[in-house]
Amino acid sequence: MSEPIPGFRTVPRTGVIYVMSRAAELGFAYGHPEWANLGQGSPETGPLPGSPPRIETLEVKPSMQAYSPVEGLRELREKVADFYNAVYRKGQRSLYTAENVSIAGGGRLALTRVAAALDAVNMGYFIPDYTAYEELLSGFKNFVPIPILLDPSSGYKINQGDLRKEVLGRGLSAVLVSNPTNPTGQLAEGNELKAWVRLARECRCTFILDEFYSHFIYTGSTPAEGKMVSAAAYVEDVEEDPVLIVDGLTKNWRYPGWRISWTVGPRSIIEAIASAGSFLDGGANHPFQQQAVALLDPELALAETVALQTCFWEKRAYMLQRLKEMGVEPDADPEGAFYVWANLSRLPEPLNRGMAFFEAGLKEKVITVPGVFFDVNPGKRRSNMRYEHYARISFGPEMGVLERGLDALGRVVGARSQAPA
């Protein structure tokens, strides 16, 4: 074994990157016709019935060869602000402007800018949640990450009284939360989300809301509604309410490869985030920002949302039914995003453990993500491990891939169930 290179620490891979690397060792490659990637964290990117035409070509003008401003192109920042005002803030006096928007090269980078701009505070986060939060929360030493455990018996939700106690009792100055959540797919909307914003305002605790799945909503009466959910609808004063929203083209517009995201909030925070970007990354891709302006048209976004919800409602129902037939069910059906937080405890050993379930799936050329990766544990301060008996299974891929992957999981479960004791 070679000597470690001086000066560097071992940096772990996020859960999804780990499982993809493990699958690649056994022959997985993107587009491989025999494999089914039900571990992926991105939606299918091709055309859907009723969706606007997908952008397939990009013209790069000479002016786009230069760096863009670190805070993002003003034209795109104005378009993002206009989008939020038109979709969520009709009739409200306080409206977002370009100064309330920062553009970054993807969601993780946007959150990294936010983390770099945080002061020496206590910041709460929920468990389970997005695997990449772990390194994000441990990589910066200026704030203390404090976990808030969500109980499966309550559907991985927290009532307002308990959330207020967490904020006040733990002295939280910020809370990071995905909504809808990854991996459980639970959603705060309507009066519940309004109460979150009110709590942030009254307790002077900044809520940092990762809203990357906010168009993947399954609580409407039909997908034809094209329901979109954002805390922006409940902000009273865009400059005073401590609410920061992070979103982008990755999920809701189904352009993950573009790596374009935005952060919306009070201009004082946006200025701090841009300052952090000046030393972290220098600014987002110029040509893709220019092209993104057209995608922020509210009518086009609504058409895309209706199309993706129609498609993903069907895939969600299909996956839930197939998993139920295998004896795998979620503690709570997903209300948003495109994952099933699958409880494996009813399966025979060792398949009732997420890691064994994952490894067995690889033998049948199907990828899942073990639940332990969502036990966000910055700095490994806790020795106990949660969610050993869970897996995140994605219905992000095309229906043909879902069918192939669920057939493979059926073989895994069936073979083990029929094995002699």
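All of the numbers you see were taken from the coordinates with simple rules; none came from a lab. All figures in this text were calculated on a predicted structure; none of them were measured in a lab. Don't worry about glycine lacking a Cβ; one is built from the backbone with ideal geometry, like all the others, and counts go over all protein chains shown.
Laid out as a table, the results:
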| quantity | calculated |
| --- | --- |
| Residue-by-residue Karplus 3J(HN,Hα) for segment 399-412, coefficients 6.51, -1.76, 1.60, Hz, glycine and proline x | 4, x, 5, 4, 4, 5, x, 6, 4, 5, 5, x, 5, 4 |
| Estimated D of segment 66-297 in µm² per second, where Rh is the Kirkwood radius over Cα pairs and Stokes-Einstein applies at 20 °C, 1.002 mPa s | 121 |
| Loop GluC sites (Glu not before Pro), segment 82-146 (other Cβ atoms within 10 Å of the site Cβ: 14 or fewer; DSSP) | none |
| Extension gain from LEU58 to SER94, taking 0.36 nm per residue of separation minus the Cα-Cα distance | 9.4 nm |
| Greater than 22 Å apart at Cα, pairs in LYS315/LYS365; LYS157/LYS380; LYS61/LYS251; LYS157/LYS315; LYS90/LYS227 | LYS157/LYS380; LYS61/LYS251; LYS157/LYS315 |
| Rounded to the nearest 20 debye, dipole of the chain from Cβ charges on Lys, Arg, Asp, Glu | 720 |
| Per residue, the convex hull volume that the Cα atoms of segment 344-390 enclose (Å³) | 73 |
| Cα gyration tensor, segment 149-240 - rounded (a/c under 1.5), prolate or oblate | oblate |
| Segment 267-421 - Rg over Rh from alpha carbon coordinates, Kirkwood radius | 1.10 |
| Cα lying deepest toward the dipole's positive end in the chain, options PRO397, ALA360, LEU320, charges on Cβ | ALA360 |
| Under 12 Å, Cβ to Cβ, from MET355 - net charge with Lys/Arg +1 and Asp/Glu -1 | 0 |
| Debye log10 I(q)/I(0) for segment 210-336, one point scatterer per Cα, at q = 0.16, 0.21 Å⁻¹ | -0.94, -1.27 |
| Förster-model FRET efficiency, 22 Å R0, VAL11 and THR45, C-beta, rounded to 0.05 | 0.15 |
| Using alpha-carbon coordinates, inclination of helix 74-88 to the longest axis of the chain, degrees | 70 |
| Degrees, to the nearest 10: 190-203 long Cα axis against longest axis of the chain | 60 |
| DSSP bridge pairs, segment 66-297: antiparallel proportion in percent, nearest 5 | 30 |
| Around ILE217: net Lys/Arg minus Asp/Glu count, Cβ-Cβ under 9 Å | -2 |
| Cα-based radius of gyration of the chain once divided by 2.2 N^0.38 Å, which approximates compact folds | 0.97 |
| Sum of side-chain charges, PHE288 neighbourhood, beta-carbon under 15 Å (Lys, Arg +1; Asp, Glu -1) | +2 |
| Between helix 107-117 and the chain: long-axis angle, C-alpha atoms, 0 to 90°, nearest 10 | 60 |
| Rounded if a/c under 1.5, otherwise prolate or oblate - segment 1-64, Cα gyration tensor axes | oblate |
| Whole-Hz ³J(HN,Hα) from phi, Karplus 6.51 cos²θ - 1.76 cosθ + 1.60, for segment 229-242, glycine and proline x | 10, 8, 5, 4, 5, 10, 6, 7, 10, 5, 9, 9, 5, x |
| Table column - 3J(HN,Hα) (Hz), segment 22-39, Karplus curve with 6.51, -1.76, 1.60, x for Gly and Pro | 5, 5, 4, 4, 9, x, 5, 8, 4, x, 5, x, 9, 9, 10, 8, 9, x |
| Point-charge dipole on Cβ atoms (K/R +1, D/E -1) for segment 64-139, about Cα centre, debye to 20 | 360 |
| 222 nm mean residue ellipticity, helices alone, for the chain (DSSP H n ≥ 4; -39,500 (n - 2.57); rounded to 500) | -11500 deg cm²/dmol |
| In segment 189-252, the trypsin sites (Lys or Arg not before Pro) that fall in loop regions by DSSP, at most 13 other Cβ within 10 Å | ARG204 |
| Centre separation in Å (Cα based) which lies between segment 342-395 and segment 63-108 | 38 |
| Highest-first arrangement of 269-276, 321-328, where packing means the average Cβ count within 10 Å | 269-276, 321-328 |
